Every structure is written in structure tokens, then in C-alpha cells.
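S.K.: Can you read through this structure? Questions will come right after.
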Amino acid sequence: MPYLKRLNKLQFEAATHGLGPLLILAGAGSGKTSVLTARIAHLVLKRGVEPSAILAVTFTNKAAGEIRERLEDLVGDKVKELTVGTFHTLGLKILREEAKTSSIPVPTIYDEEEQTLLVRLVMSELSIDDKELPFKSVVYEINLAKNDNLSPQEFSEKADDNFKRTIAPIYERYQKKLQALNAIDFGDLICRPIRMFTAHPDMLARYQERFKYILIDEYQDTNQSQYALTSLLSSTRKNICVVGDPDQAIYGWRGADIKNILRFQKDFPDAKVVKLEQNYRSTKNILSASNSVIKNNSERIEKSLWTLTTEGEPVVYEECLNEYMEARFVVNKIRAAMSKEPSLKFKDFTILYRTNTQSRPFEELFFEEGIPYNIVGGFRFFDRKEIKDALSYLKALANPEDSLNFLRIINVPPRGIGKSSLDKVHRIAEGHNLTLFQAFKKTVADGVFQRGSVPDFIRLFEGLKREINNESLHEFTSRVLHLTGYMEFWEKKRTEDAEERLKNLESLVAAIKNYEVNHPKATIKEYLNLVALMSDSDGYDGKSNRVTLMSIHSAKGLEFPFVFIGGMEEGIFPHKRSMDEDSLEEERRLCYVAMTRAKRQLYLLSAKNRSAGKETLLQLKSRFIDEIDPAFIKRNDVVPAGTAQDHIETIRKLLGK
């Protein structure tokens, strides 16, 4: 088989494993995607497994797309029968299929902004002041609860402090409102299938029979609800293959549990374990420097990456005067490298940082110097106000019960509905158990709104709801934007900003038209749910010739010839909120992930002084710098190597104190 000839001995062993559980410990750059695709191809082509019997779960939509592309070359049209996607797309697939069986409508997926709006509404109804209990903290706790597969009742029973006891009634009412709106958040995409399977064993049995082989990528980053869903689906045949690396577990802050991969052999005592330790990405110096950092962690499975590539240049550490000189250093290195090696392109360089706020000095200097750049994880196209408004129109039309999105668009563009009128309609909705749209219909029928734009809009909205399936998605979207007056609203403004918004709306219609080419039978709701599931990392475009700026979390799974890691300072990296032992180990894993993105050259940067509002703070270099074996790093630091206390004493001497 040609796809097996490209594999090394251990990769071959993993790809050709037969029945039973399999744990593939795949180090950074060890070719895990090649192994995953080879294993799926081998199951289909050699072992005669029906493609529809295989489920492959990835961490991002981008990774799922890459696996599909590779498999298309190996198994041809059979790739269409495979189920490949993220946990969230899997959850949506299950909910969608069960909705068809039971003739219930598919719920609308609420994104982070809609989730936040709903939480704020609930807090307002419960007379809980945001100043006393920040709504962002409430959203975070609800998401963590769902990551742990805790219902509102279970969360309330486990609440062991006043903070969680205060959140419990908010969570309960929030969940009830979601159900009334026929909406779900990201957490529900996993929790709801679990509850359905638990309540209906016959339903679970159908999926267990269907998915005879299950493969889970990035298993170290799964949370408890994902673990529970995986356990349910694989509990009968146990033909489960998980791929991961405990050294790259970096999502504990949002509920991921490294113990899932560490305990895999306890869950499956007869599991075969294959360690992929040969790295095909980085030079020996980069790899050795990365290994010398991660070995300081205790919560890991022992392994040591190695490579047959060249020694390469040593890792470079540069201590800069401030964050602007840090940016200047990067620009100079990019210019020098491209001058020395004309075949290099801007896309060969990336800047990684611990927090998104660190991008500003780089952006300013790149703009000044005329260096093209792209920010991943910044302000996405689908996060723009005009796009949010347009999608809210479609969501409200597609889901009659979605009062939250109807509320967003009822007065956009302005229709003369004041706060008192809106409060009156809300009271009617609550008093008669109506959706907001139904309440507006009632007020129009009762003569509350006799003249003006409101009765016209309600009639128009009702007509559009009836016609939603009468034409193509992009034509319907275009008609909605024009008939509701939304396009005209921006056209009348005649400003540069308004022109940009109009172009974005036209781009949205074009994007929907493009989507229809590949999904001719798709509904509006299916398109909206696809948009909701897009992640930051899906915004990375490796084809664009631009320097990439991104957070380290967004860089997971990517690689670049030249990598600059900025802000290697105590309090930034490791982050000031991560100084307890467990969090510090995760920060070290994050550092390891960042370092192992580099193929040819790795630069670690810090600033002696960094602006913080109106202040300029004196910074200490990150402890991770001192953990790198001196044999693999060239240091250009003013403050000599040593402990943090040594640094403090040296700085005091330099300042004459």
C-alpha cells in the first residue's frame, strides 16, 4: 500500500493496528495527521471497513478539512461517507439527525455574544447587579459547568461557595430560556447528546452500532463532557484510537482535563501504546531546547523527541529595551533574512504571543514599514456589526422562537420603537407566554402600533418567514437585506465606514452563494450553524503571503520556518494568573507548544521595560529562558542568567539601589 510506505516503523505499527483500543502518543511534528489518515485508509482499503462506520473527531474544523483532503487522495469518493469533524460538529450532527426522526426543529446555536446577552438578561430579571457579579464571570462558570457535563441542578448541588451558589439560579433560568428560544450554546452541543443517550439506550445503541471505529485527535485537550460522549460511543466495541501528547495540553483554563489521556491505559488496560518520538519539523537545536524546557514538568508521560534533521542555528534569546524595540528586532530580522535568502516570503515568518494585547507594537511598526501581516484570532469578519445584524435577521426568520435575535433587529434600522413601547411588548410576551414576534403581532392587531413602520415591518417579516424556502439562500439573504431597509440604511450615510459595511454585506451574500455551490440542499439554519462553529484557528490562511501574528493557543497544530515568541517575561509568560503548580505546568506546556512550531529558526524575545497604561514597568525575563540548556541557545541579555531573585538583585545594583 503506497500510503504505508511513507511511514516509519512506529507510524506503520499505529496505522495498521487491528481491533481494540490504541493510544498514539504523538510528539510535536511527529506526523500524527499522516498516521491518522493512513489508519483510516487502511481500515477502508485493507480491512474492508465501511467508511460510514468510521468516526474521526478533530480539535478544529481546519484539521478536519485537512484530513478529508488527504483521505480524498487515498480513498476517493468514499471519503464522503466518513464522519470527520469536531466534537461540536458531531454533536450538531446527532441533534440534527434525531430532530428529523422526531420531527422537531433543529435548535439555533448561540455564539458567545448571544450567550452573553442572554445571561445579562437573566441577571437583570433576577435583579443581580453586574458590578457585584460580573456577567463575564457568570458566562465562564456556566461554560465550565457544561464542560464538566453538569446540569443546573447538578451544578447547584455541587456549589461549595457563595460565588457558585449565586450563579446556580442564573444558570437554571438561563437554561430554561435557551429551551424556550429553541436555542443551544456550544456546551449543549455535547451535553444534550449525552443526556439523550443516557435517557434512551436504544438511541445510543444505534450510534454504537453505526460507529464501529472511533478515532479522537488531540485527546489531551478533551474535557469531561467530551470524555463522557466518547466513552458512551466506544463502550461496546472498544475500537477506539486516541492521538495526543500530554506535553501539549494547553486548554485546562477552559475545562480540558489532561487526566483523560493520562488515564487512558486505566480505562482500557489492554490498550496498545505507540510512542511517536521522531520529529520531522524542527532542527536538532530547536528540538533539544524545547525538550530541556518541558522535562521540568512532572505531570507527563516520559518521552523525548529526536530528529534526523540538521543541527541548525541555536535558539536566539534577545532582551530588548522595550516592546517597541522588540518589534524593531523582529522587523530587522525579517528584512535581513529575506535579503540574504530571496526565495523567502513573508508567510515564512510568524510572531506568537501569550496575550492578544501584545500585537499592537508589531502592528504599528509593520504598517509603518509596509510589511503585510495577518492577525489570527482578532476581529473576525463574522464578528462585524453589520454581519451580526444580517445574520440576526436570518436567525430570527429561521427560528420563530428566537426572541433574542428578533430583539436585535426589531429596531435596526430605526423604526421608532422606544424603551417604553419595548417594555410594554415584553410584558405582553411574558403575560401571554408568547415569543417577542408573536407579542408584536398581537400589539399590531390590538392597535397599539396603528401607524408607522412597525406594522409594516411585522407584515413584511411574516411574509419573509413564509417565503424562506422559496428561493436560493443567497437570493433570499439579499432580498431580506433590501426589503427590511438595512442596505438602504447604510447607503444613505454616504461615509467611508458605511461603504465598507456595504461591501461586507455584499461579501456575505457572495459567501453564501459560494457555500450553496458545495451544499445545494442546505437550509438557512444549516449555514448559520456552520458559521457559529467556526473557530479562530479556522481563520488562518497559509496561502496568503503575509507575516502571521497570533496567540500561541491559536498556533496549535501549525508550523513556520521562522518563529518569534514575544513577551518572554515573568507575569506575561508565564502569566501572572498562572503561578500555582498546576497552572505553571500548563504555562510550560504552552511554551513547549510555541517553541515546537519553529522549523528553521526560533527567536525568544523579552523587554526590560514594558508599558502598562500610563506606567512603564521593569520586567524580569521568563523563568523558561533559564530552563533552556545553554548548549542550545545564544543569549543576548543584559541581565545574566540565574534565578528570579538573582535578577532582582542585579537590577537593584544597576539602578544603584
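S.K.: Among Ala510, Ala498, Ala532, which is under 21 Å from the mean Cα position of the chain (by Cα), aliphatic (A, V, I, L, M) and farther than 22 Å from Lys80 by Cα?
M.R.: After applying the criteria, what remains is Ala532.
S.K.: On the phi > 0 side of the Ramachandran plot and over 26 Å from the mean Cα position of the chain (by Cα): which single residue out of Gly18, Gly29, Gly48 fits that description?
M.R.: Just a single option satisfies the conditions, and that option is Gly48.
S.K.: Can you confirm whether segment 448-466 contains a residue that is in contact with a strand residue (DSSP E or B) (Cβ under 8 Å, 6 or more places away or on another chain), open to solvent by less than 20 Å² (accessible area, probe 1.4 Å) and either closer than 26 Å to Val425 by Cα or modelled with pLDDT of 90 or more (or both)?
M.R.: No, the conditions are met nowhere in segment 448-466.
S.K.: Can I ask one more? State all residues of segment 330-357 that are under 25 Å from Lys556 (Cβ atoms) and assigned to a loop (DSSP other than H, G, I, E, B); if no residue qualifies, say none.
M.R.: Passing the criteria: Leu344, Lys345, Arg354, Thr355.
S.K.: Among the residues of segment 46-96, what is the count of those that are open to solvent by 20 Å² or more (accessible area, probe 1.4 Å), assigned to a helix (DSSP H, G or I) and of a type in the set (Gly, Ala, Ser)?
M.R.: Residues that pass the stated criteria total 4.
S.K.: Follow-up question, since we're still on this one. Inside segment 308-330, can you point out the residues that are touching a residue at least 60 places away in the same chain (Cβ under 8 Å), within 30 Å of Val274 (Cβ to Cβ) and open to solvent by 10 Å² or more (accessible area, probe 1.4 Å)?
M.R.: Gly312 - this is the single residue of segment 308-330 that is touching a residue at least 60 places away in the same chain (Cβ under 8 Å), within 30 Å of Val274 (Cβ to Cβ) and open to solvent by 10 Å² or more (accessible area, probe 1.4 Å).
S.K.: Same structure, new question: Would a scan of segment 166-179 turn up a residue that is outside any helix (DSSP H, G or I), among the polar types (S, T, N, Q) and within 26 Å of Leu528 (Cβ to Cβ)?
M.R.: So far as segment 166-179 goes, no, none of its residues is outside any helix (DSSP H, G or I), among the polar types (S, T, N, Q) and within 26 Å of Leu528 (Cβ to Cβ).
S.K.: Could you list, in sequence order, the residues of segment 589-602 that are out of contact with any Gly (no Cβ under 8 Å at 6 or more places or on another chain) and surrounded by fewer than 21 Cβ atoms within 10 Å (Cβ to Cβ)?
M.R.: Correct list: Lys599 only.
S.K.: Moving on to the next point. Within segment 382-398, identify whether any single residue is in contact (Cβ under 8 Å) with a residue 60 or more places away in the chain, part of a helix (DSSP H, G or I), open to solvent by 60 Å² or more (accessible area, probe 1.4 Å) and of a type outside the set (Ser, Thr, Tyr), and answer yes or no.
M.R.: The answer is yes, given that some residue of segment 382-398 is in contact (Cβ under 8 Å) with a residue 60 or more places away in the chain, part of a helix (DSSP H, G or I), open to solvent by 60 Å² or more (accessible area, probe 1.4 Å) and of a type outside the set (Ser, Thr, Tyr).
S.K.: Check whether at least one residue in segment 148-163 is touching a residue at least 40 places away in the same chain (Cβ under 8 Å) and either of a type outside the set (S, T, N, Q) or within 29 Å of Gln248 (Cα to Cα) (or both), and report yes or no.
M.R.: Checked segment 148-163: at least one residue is touching a residue at least 40 places away in the same chain (Cβ under 8 Å) and either of a type outside the set (S, T, N, Q) or within 29 Å of Gln248 (Cα to Cα) (or both).
S.K.: Name the residue that is surrounded by the most Cβ atoms within 10 Å (Cβ to Cβ), counting only residues in segment 1-32 that are part of a helix (DSSP H, G or I) and free of Cβ contacts under 8 Å to residues at least 60 places away in the same chain.
M.R.: Selected residue: Ala15.
S.K.: I've got another one for you. Just need a number here: residues in segment 33-45 that are open to solvent by less than 20 Å² (accessible area, probe 1.4 Å) and out of contact with any Pro (no Cβ under 8 Å at 6 or more places or on another chain).
M.R.: Result for segment 33-45: 9.
S.K.: If the requirement is being surrounded by 18 or more Cβ atoms within 10 Å (Cβ to Cβ) and at pLDDT 95 or above, which of these qualifies: Val293, Val376?
M.R.: Val293
S.K.: Still on this structure: Working only within segment 97-114, note down all residues that are open to solvent by 10 Å² or more (accessible area, probe 1.4 Å) and either within 28 Å of Ile167 (Cβ to Cβ) or part of a helix (DSSP H, G or I) (or both).
M.R.: Glu97, Glu98, Lys100, Thr101, Ser102, Asp111, Glu112, Glu113, Glu114
S.K.: Let me ask another. So how many residues does segment 67-86 have that are over 15 Å from Arg39 (Cβ atoms), without any contact (Cβ under 8 Å) to a residue 60 or more places away in the chain and either hydrophobic (A, V, I, L, M, F, W, C) or in contact with a Ser or Thr (Cβ under 8 Å, 6 or more places away or on another chain) (or both)?
M.R.: 2
S.K.: Here's another thing I want to ask about it. Pull out all pairs, ordered by first then second residue, where Cβ-Cβ is under 6 Å, the residues are six or more apart or on different chains, the first lies in segment 606-630 and is open to solvent by less than 80 Å² (accessible area, probe 1.4 Å), and the second is in a strand (DSSP E or B) and among the hydroxyl-bearing types (Ser, Thr, Tyr).
M.R.: As it stands, the answer is Asn609/Thr616; Lys621/Ser606; Ile625/Tyr317, since those pairs meet every condition given.
S.K.: Would you point out the residue of segment 331-373, among those that are open to solvent by 20 Å² or more (accessible area, probe 1.4 Å) and of a type in the set (Val, Ile, Thr), that is modelled with the highest pLDDT?
M.R.: So the residue we want is Thr355.
The values are calculated or read from the model by the stated rules, or taken from the named source; none is laboratory data. Note that this is a predicted model, so its numbers are computed, not measured. Don't worry about glycine lacking a Cβ; one is built from the backbone with ideal geometry, like all the others, and counts go over all protein chains shown. Surface accessibility is based on the protein's heavy atoms, side chains included, excluding ligands, DNA and RNA. Shrake-Rupley method; radii C 1.70, N 1.55, O 1.52, S 1.80 Å.
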